[in-house]
Each structure stands twice: as C-alpha cells, then as structure tokens.
1. Which count do you get for residues in segment 91-123 that are without any contact (Cβ under 8 Å) to a residue 12 or more places away in the chain and part of a helix (DSSP H, G or I)?
2. Show the residue pairs that are 6+ apart or on different chains and have beta-carbon atoms under 6 Å apart, the first residue being within segment 43-70 and touching a residue at least 40 places away in the same chain (Cβ under 8 Å), the second being among the charged types (D, E, K, R) and open to solvent by 30 Å² or more (accessible area, probe 1.4 Å).
3. Sort out for me the strands (runs of 3 or more DSSP E) sitting completely within segment 1-90 that have 1 or more residues that are among the basic types (Lys, Arg).
4. Here's a check for you: in segment 77-113, which residue that is polar (S, T, N, Q) and either surrounded by fewer than 21 Cβ atoms within 10 Å (Cβ to Cβ) or within 7 Å of the ligand (Cβ to nearest atom) (or both) is nearest to the chain's Cα centre (by Cα)?
5. How many residues are surrounded by 16 or more Cβ atoms within 10 Å (Cβ to Cβ) and of a type outside the set (Phe, Trp, Tyr) when one looks only at segment 42-68?
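The values are calculated or read from the model by the stated rules, or taken from the named source; none is laboratory data. Note that this is a predicted model, so its numbers are computed, not measured. Glycine gets a Cβ as well: all are built from the backbone with ideal geometry, and neighbour counts include every protein chain shown. The protein model used for the area step is the full one, side chains on, heavy atoms only, and it has no ligands, DNA or RNA in it. Shrake-Rupley method; radii C 1.70, N 1.55, O 1.52, S 1.80 Å.
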Amino acid sequence: MNARRDDKPVSFVPMRAGDVAAIGIMDRRNYEFAWTDGIFRDCVKAGYICPLLKIGEDIAGYGVLQIGADEAHLLNLCIDRPWQRQGLARTLLEHLVEESARLGAQVMFLEVRPSNTRAVALYQQSGFNEIGLRKDYYDASGGREDALVMARYLSSD
Ligand SMILES: CC(C)(COP(=O)(O)OP(=O)(O)OC[C@H]1O[C@@H](n2cnc3c(N)ncnc32)[C@H](O)[C@@H]1OP(=O)(O)O)[C@@H](O)C(=O)NCCC(=O)NCCS
C-alpha cells in the first residue's frame, strides 16, 4: 500500500525513547538485517541526532547521525516502504547534511552495501563520493558483505 505525500507538510522531530518500539518495527520492515530496539535506544540516550521525518502526523522515515569533532557519520537512513519514491530520502538526507554543517562538521561519512543500489544511487546523486571499502563489514545471507565508504565534504557547500 502506498501513502501519498501530496501537499501535506513535512516536519522533523527528534526521536524519543517512546518512539523506539515503532521505529524498531519500521526498521525490521525495511532491512533484512535490522537494528535491535536496544541500538536505537542507545543512540537516543547517547544524544545522537535522530530525526523522525513526519508527513502530517505520520512517521514516514528516520535518520541516525553521530557527530564528533568535525566529522558527521550517518548510521541509519530509512524511508518506510509505503512512503518511498517520493523524494523523501533526499529531503531527509539534506536535513541531516544541514544539521551536520550547522553543528560544525566539515565532512559526512557513511557506509552502504554495494548491493543496495537504490541507496548508492541516492548518495551519489546527493554529492557523496566513494572513498574506500571495508571488507566483510556487514552480515549477509550466506556470509559477509563489504561496505562502500562514501563521503561528502560540507565546508565548501
Ligand atoms: C534507499 C531509500 C532510503 C530511498 O528512499 P526514497 O524516499 O524512496 O528515495 P527518494 O524518493 O528520495 O529517491 C532519491 C533517489 O534515490 C534513488 N532511488 C530510490 N529508490 C530507488 C529505486 N527503487 N530504484 C532505483 N533508485 C532508487 C534514486 O537515485 C532516486 O532519485 P530519482 O528519483 O531522481 O531517480 C529507501 O529505499 C529505504 O529506506 N530503503 C531501506 C533502508 C535502506 O536501505 N537505507 C539506506 C541504508 S545505507
């Protein structure tokens, strides 16, 4: 079932401990190897930037971003299935890039599975370049999968 964004307002609100159960369900719906609720809880507790993207009253997606010194690290970015293909990941990613720059980061890093071609396309389109490879970084069915490491420099934006 698709959920239409239409002209409903997009907003960002911080994830709270009370949102974690719903976000955990969303994560399991969208990833083969999902995070546990405990990982989300730890990210909220640690003060990571964890915006929920809302369309009206509905949560359509979320991101998790860690900022340390002058580096931002994107740990999770997800748009829930019914809301996909309406430009919302690009909107969420730009919000996270703006937050990173506002908080003083010079560069934003992320890891992505090479097999996740839609995510790789999203990041390439959004100005991220491949800067390395982490061998056997992810769980995968029947073994391990490498991670592409991508970066976008923020200071010259
Ligand atoms: C990857 C994901 C975040 C994209 O979300 P989305 O809201 O559908 O993406 P958008 O509509 O903003 O699309 C932005 C770009 O992403 C790429 N893209 C998104 N979905 C795609 C698909 N099904 N096939 C090919 N490219 C796709 C395209 O380059 C697209 O630009 P275009 O519409 O101009 O072609 C979403 O599919 C998702 O949450 N997947 C599960 C979780 C995940 O894999 N997260 C990334 C972890 S690194």
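1. The initial filter retains those residues of segment 91-123 that are without any contact (Cβ under 8 Å) to a residue 12 or more places away in the chain, namely 98, 102, 116-118, 121.
Right, trim to part of a helix (DSSP H, G or I) and you get 98, 102, 117-118, 121.
So the answer is 5.
2. Final answer for the pair search is ILE49/GLU99; ILE55/ARG5; ILE55/LYS8; GLY56/LYS8.
3. Ranges flagged: 51-55.
4. Of all residues in segment 77-113, those polar (S, T, N, Q) come to 84, 86, 91, 100, 106.
Narrowing the set further to residues that are either surrounded by fewer than 21 Cβ atoms within 10 Å (Cβ to Cβ) or within 7 Å of the ligand (Cβ to nearest atom) (or both) leaves 84, 86, 91, 106.
Values: GLN84: 13, GLN86: 16, THR91: 11, GLN106: 18 Å.
Filtering first and then ranking leaves THR91.
5. Kept after step one, since they are surrounded by 16 or more Cβ atoms within 10 Å (Cβ to Cβ), are these residues of segment 42-68: 43-44, 48-55, 59-67.
Narrowing further to those that are of a type outside the set (Phe, Trp, Tyr): 43-44, 49-55, 59-61, 63-67.
So the answer is 17.
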